[in-house]
Amino acid sequence: MKKTILCLGLGALLLASCSGNQQKLDEDSQRIAELSAEYEEANSFNDSLMLLMGDIYTGLDSINQQEGLLYNMGQGDNVDRRQEVRQNLANIKARLNANRALLDKMEAQLKNSNNQNSVLTKTIAQLKAHIEQQDQKIAQLEDDLTKARGEIEQLNTQVAEGQEQVKAETAAKEQAQQETIAAENAANTVYYAIGTNKELKQNGLLEKKFLGATKVLQGEFDANYFTKGDRRNITSIPTRSKKLKVWSNMPKDSYEIVEDAQGFKTLKITNPKTFWSLTPYLVLQVD
């Protein structure tokens, strides 16, 4: 009887021991599963954070590249290149905003999780600071683009005004030159008429009253009867006449009348300046 009671007691103890081990095993298995899930979550979180970090630093390289494009354009007005840089900066800014939103989400996720990792928290804060710095740099580049456009427009305006001023000065100079030439030509313009005594009287170049002296160009005369010339180019006036008389008041020592082999007379001007000093009109009578 005692044997039977002893056996029953040992059996109960063994059963209780087995039941306790199973419960402990179940708890350990659950904890291992939770730790595995936490590990997977942390690992995925770290992977996402690393990818995001790489994208943020890539954005920094892109900003530096756009900065190089902007400041290497020179002083010319490269409208297409400026527009390209402006569009690229807008794209980078949009990507930074998306990354900032994702960092905010990850930060909130980290705070709500049981994984209070100071390294991850510090990394997220640093990445957000990088984004702010890149935003500031983009804003500076956009401001520089606006200033460059204004400076280029001002330069173009100055160039245009300079060109207009040069055109005006050139036109004024050309006009002055033309006026000077016209004045010189007018000052050197002379007129001479050759005709018989009758022809000269008919055209009003000679006028003689009864018993009076002959007057030259004293009344109305036909200006179209004269031949227009330039005193700088006239050195002699040939005629097909064997008689030649100078009616107008020309200094005697400034010309001479010469005769060719056939006896035709030619007026030779020996001193043009003196010859035309008294009058620009020369009246020659031939018979």
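The values are calculated or read from the model by the stated rules, or taken from the named source; none is laboratory data. Treat the numbers as computed from the prediction; the structure is a model and nothing was measured. Using ideal geometry, Cβ is built from the backbone for each residue, glycine included, and neighbour counts are taken over all protein chains shown. Only protein heavy atoms, including side chains, enter the accessible area calculation; ligands, DNA and RNA are left aside. Shrake-Rupley method; radii C 1.70, N 1.55, O 1.52, S 1.80 Å.
Computed quantities for the displayed model
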quantity	calculated
Residue count for region 187-215, restricted to those that are open to solvent by 30 Å² or more (accessible area, probe 1.4 Å), assigned to a strand (DSSP E or B) and either at positive phi or among the hydrophobic types (A, V, I, L, M, F, W, C) (or both)	1
Among (1) buried (at least 17 other Cβ atoms within 10 Å of the Cβ); (2) at pLDDT 90 or above - the single one K242 does not satisfy	(1)
D222 vs. criteria out of contact with any Lys or Arg (no Cβ under 8 Å at 6 or more places or on another chain) and either among the hydroxyl-bearing types (S, T, Y) or modelled with pLDDT of 90 or more (or both)	no
Residue under evaluation Q136, criteria (1) over 20 Å from I92 (Cα atoms); (2) of a type in the set (S, T, N, Q); (3) open to solvent by 50 Å² or more (accessible area, probe 1.4 Å); (4) at pLDDT 80 or above, criterion not met	(1)
Hits in region 221-253 (condition: of a type outside the set (F, W, Y), closer than 19 Å to K273 by Cα and in contact with a Leu (Cβ under 8 Å, 6 or more places away or on another chain))	S236, I237, V246, S248, N249, M250, P251
Single condition V258 does not satisfy, out of (1) surrounded by fewer than 17 Cβ atoms within 10 Å (Cβ to Cβ); (2) assigned to a strand (DSSP E or B); (3) touching a Phe, Trp or Tyr at 6+ places or on another chain (Cβ under 8 Å)	(3)
Whichever residue in region 216-239 is of a type in the set (D, E) and over 13 Å from V283 (Cα atoms) and, among such residues, is most open to solvent (accessible area, probe 1.4 Å)	E220
